[in-house]
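Novice: Let me begin by handing over the structure; questions about it come next.
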Amino acid sequence: MVTAWERARRALATRVCMRFPSRHAAVEDVPRALDAVEEPFPVAEPEEEEEQQQQGEREKSLGAASPAPASARRSSRSGSQSPAKICAICLGTMRSGHGQALFTAECSHKFHFHCISSNVQHGNKICPICRALWKELPFQGPVLADAAHGAARVNPSAWPQTGMLSANPLDGLPVFRTPESAVFDDDEQINLQSETALGGGHDGDENETPASLEIMAYTEFPAVQDSVARENFAILIHLKAPHAPASSMGTRAPLDLVTVLDVSGSMAGSKLGLLKRAMTFVIQNLRPSDRLSVVAFSSSAWRLFPLRKMTAFGQVQSLQAVNSLVANGGTNIAEGLWKAARVMEDRQARNPVSSIIILSDGVDTHTLPLPNPPRNGAPPDYGRLVPRSILPGSGHHVPIHAFGFGLDHDSRAMHAVAEMSSGTFSFIDDVGSIQDAFAQCIGGLLSVVAQETRLSVECADEGVLVTSIKSGGYASGVDGDGRGGFVDIGRLYADEEKDFLVTIRVPAARGDTELIRASCAYRDAVTAKTVRVGGDLVTVPRPAGTVTAAMCLQVEREWHRVHATEDMAAAQAAAEEHDYARAASILESRRLALESRASLSSDRQTQALAAELREMQERVLNYQRYQESGRAYMLSGLSSHSFQRATARGDSTELAGLVHTYQTPSMVDMLHRSQALLPEVVVALNRSPTIAPSRNRPLPVVQRGVRRPFRLSKSFTGRSS
């Protein structure tokens, strides 16, 4: 017979409400039936009351005279609160005998087995409901004893390999992942025929377009003497993408965007607040035809919501989800990107433009070896961070634009992630610059006009051969017989410009020599039609006398930019070897060479390049400066110049500054919107960067030896010249 005290205790326990850690509740997993429920959970059911009565009888039969331990008392008092059909971790339903494995803890609370095993694998051995410390765990590997508050910065690389298999065999990432019962095919449906006007309804053939890509060519010199053969005669091929729609509400290609946000413990405070403000700006500047999904990660990763159309209602829902984020736990970049890749792979419908944005202020503590690099001195395998299914050549290529925030992020990892996916890497060292950095990136993504762009070069006269193509980070090649070449450019933003130096062999000849003809093919991002544009035939006169003309300004400027980028890569490699004097010497030599060219003294692009080289030189003077901001600043600069695309670094997003190369009109417009909304406190933070190099003090004189420091004999693309 149950005592009166026991009946009263059970009756009171059924009316107690419980709070659960919000970071374990993914918005996507909330059952729809719970949306309108005000109470957190229903009261205990008759089946549960029967279990409690049996438990009380067992306790009575044991005749325990001494009081139970505190954890046991907590467990007993809250035992009736745990709902029989709701998992407190994922808030999903639990049904025995329906293909679901359930786990009952020693404190009598039940969970999905895959939910609690993943929880334990990340260092949590405390009941999420009653906070009782578990001794019997649903995981056979070791659990670190110093896990605090259910979230620990741990490195599971030393744990048993049987528990570390990736759900995606292409990834090869040693990250704990539990099989998910459903794929991410719950994206909101779209109708491209109604949401994207087909360019005003053109009825001509596929080559007709109201505004097409422009091709221009500039020869190194206006003429070549007829009796002279030139082995490396330079030709600059200049491309300019079509214009953006004249109206702000004009037709453009809709975007599928996944943002991957770091909410680890180091993001707490003003960092997370400014990140939420930046995400608010992004959400408010997306149109109803655009779709957004947000993935957050700390020690694990979760999707806040599926790809959702940014209608007025979708924007409100998205803002509520983003503003609910809290910062705690470690940093698991790999799982965050894996979730984002799943969103992109499993979606049922696809907008014409797709991209992933990731922001992190820390170092991956779950996938890469910690705390030191491998003993053989080789860098970590950053390829383990990026799922292969979204890399170029996979059939589902999605560029990743990475943002390293603060002084403690892993700039090498973030740069590698961007480079492997043909994205860009930006360095945010100013506390208040997150929104501007996002605005610049979004300005480009919302103005894509061409995709799958390929530049082709064909030689004309006999004896003319292509010897090299300086293409930066873009894939390029020269035909085996030297009679042609190509550059795979891919995506182009509205009004974006690209320059490529092609060097050719020009034989001795009389009369005009026909050199090359450039052409371009791309897929219009709005109409999905293939557009082909042919350039003019490039010819050069062959006078009998000596040619004394100066080098073409456009060719000279690009020649210096290419070599400056090569020198940036060489200086960064020297700094990685702790040879900071050599790194500074390389940068100073190139800067002085630029400043000494009278023909370029008034050229704004050259002035910006010289200012950037000076800034890099200041940030590479010693170990401390390089580790704090030099490496990230240089890698962001290399990313920008390799793809000829704007990235955020230093004051590059300040419209009144000098270093803002490659910004398109759409990017500038979005920056104007962002900076018009920035409150005074953020403006003040922008003026007080975390790392503020002294721009007024003179640079130290770098000693030069007889021999010039070693320089890489490759183009800045990493391919042989």
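The values are calculated or read from the model by the stated rules, or taken from the named source; none is laboratory data. Because the structure is a prediction, the values reported are computed rather than measured. Note that we place each Cβ from the backbone using ideal geometry, even for glycine, and neighbour counts take in every protein chain shown.
Novice: Which one is surrounded by the fewest Cβ atoms within 10 Å (Cβ to Cβ) among residues in segment 586-607 that are touching a residue at least 24 places away in the same chain (Cβ under 8 Å) and of a type in the set (Ser, Thr, Tyr)?
Specialist: Across segment 586-607, the extreme among qualifying residues is 599.
Novice: Determine whether residue 322 is part of a helix (DSSP H, G or I), outside the structural domain of residue 493 (by TED's automatic domain parsing), within 21 Å of the chain's Cα centre (by Cα) and surrounded by fewer than 24 Cβ atoms within 10 Å (Cβ to Cβ).
Specialist: yes
Novice: Right, next: Taking segment 616-649 on its own, how many of its residues are farther than 26 Å from residue 239 by Cβ, touching a residue at least 60 places away in the same chain (Cβ under 8 Å) and out of contact with any helix residue (DSSP H, G or I) (no Cβ under 7 Å at 6 or more places or on another chain)?
Specialist: Number satisfying all stated conditions: 2.
Novice: Which of the strands (runs of 3 or more DSSP E) contained wholly in segment 439-551 include at least 3 residues that are under 30 Å from residue 244 (Cβ atoms)?
Specialist: 448-459, 484-493, 497-506, 513-524, 530-540
Novice: Right, another one. Among the residues of segment 538-552, which ones are of a type in the set (A, V, I, L, M) and surrounded by fewer than 13 Cβ atoms within 10 Å (Cβ to Cβ)?
Specialist: 544, 549, 550
Novice: Then there is this: Kindly establish whether residue 407 is more than 23 Å from residue 429 (Cβ to Cβ) and modelled with pLDDT of 85 or more.
Specialist: no
Novice: Name, by its number, the condition in (1) within 23 Å of residue 243 (Cα to Cα); (2) not assigned by TED's automatic domain parsing to the domain that holds residue 226 that does not hold for residue 425.
Specialist: Result: residue 425 fails condition (1) only.
Novice: Can you say whether residue 488 is outside the structural domain of residue 667 (by TED's automatic domain parsing), acidic (Asp, Glu) and free of Cβ contacts under 8 Å to residues at least 40 places away in the same chain, as far as the supplied structure shows?
Specialist: Against the criterion (outside the structural domain of residue 667 (by TED's automatic domain parsing), acidic (Asp, Glu) and free of Cβ contacts under 8 Å to residues at least 40 places away in the same chain), residue 488 qualifies.
Novice: Got a sec? Which of 576, 556 is within 26 Å of residue 220 (Cβ to Cβ), of a type in the set (D, E, K, R) and surrounded by fewer than 21 Cβ atoms within 10 Å (Cβ to Cβ)?
Specialist: Checking each option against the conditions leaves just 556.
Novice: So residue 438 fits all but one of (1) at pLDDT below 95; (2) crowded, with 21+ Cβ neighbours inside 10 Å; what number is the exception?
Specialist: Status for residue 438: all satisfied but (1).
Novice: Would you point out which residue out of 610, 583 is surrounded by 18 or more Cβ atoms within 10 Å (Cβ to Cβ) and closer than 25 Å to residue 416 by Cβ?
Specialist: The conditions single out 583.
Novice: Look at residue 426 and say whether it is surrounded by 24 or more Cβ atoms within 10 Å (Cβ to Cβ), among the polar types (S, T, N, Q), in contact (Cβ under 8 Å) with a residue 24 or more places away in the chain and not in a helix (DSSP H, G or I).
Specialist: Yes.
Novice: Further question: When residue 661 is evaluated against the numbered criteria (1) under 25 Å from the mean Cα position of the chain (by Cα); (2) under 27 Å from residue 469 (Cα atoms); (3) surrounded by 21 or more Cβ atoms within 10 Å (Cβ to Cβ), which criterion, by number, is the only one it fails?
Specialist: (3)
Novice: So, one more: Quick check on segment 613-624: of everything there that is aliphatic (A, V, I, L, M) and part of a helix (DSSP H, G or I), which residue is surrounded by the most Cβ atoms within 10 Å (Cβ to Cβ)?
Specialist: Within segment 613-624, the match that is surrounded by the most Cβ atoms within 10 Å (Cβ to Cβ) is 616.
Novice: Please work out if residue 408 is assigned to a helix (DSSP H, G or I) and over 14 Å from the mean Cα position of the chain (by Cα).
Specialist: In short, no.
Novice: Could I ask something else about it? Among the residues of segment 497-526, which ones are among the charged types (D, E, K, R) and farther than 30 Å from residue 223 by Cα?
Specialist: Within segment 497-526, 523, 524 qualify.
Novice: Among the residues of segment 431-445, how many are touching a helix residue (DSSP H, G or I) at 6+ places or on another chain (Cβ under 7 Å) and farther than 17 Å from residue 262 by Cβ?
Specialist: Residues in segment 431-445 being touching a helix residue (DSSP H, G or I) at 6+ places or on another chain (Cβ under 7 Å) and farther than 17 Å from residue 262 by Cβ: 7 in total.
Novice: Out of 427, 500, report the one residue that is more than 28 Å from residue 351 (Cβ to Cβ) and within 16 Å of the chain's Cα centre (by Cα).
Specialist: Sole residue among the options that is more than 28 Å from residue 351 (Cβ to Cβ) and within 16 Å of the chain's Cα centre (by Cα): 427.
Novice: Can you tell me which residue in segment 223-278 is modelled with the lowest pLDDT, limited to those that are outside any helix (DSSP H, G or I) and among the polar types (S, T, N, Q)?
Specialist: Ranking the candidates gives 248 first.
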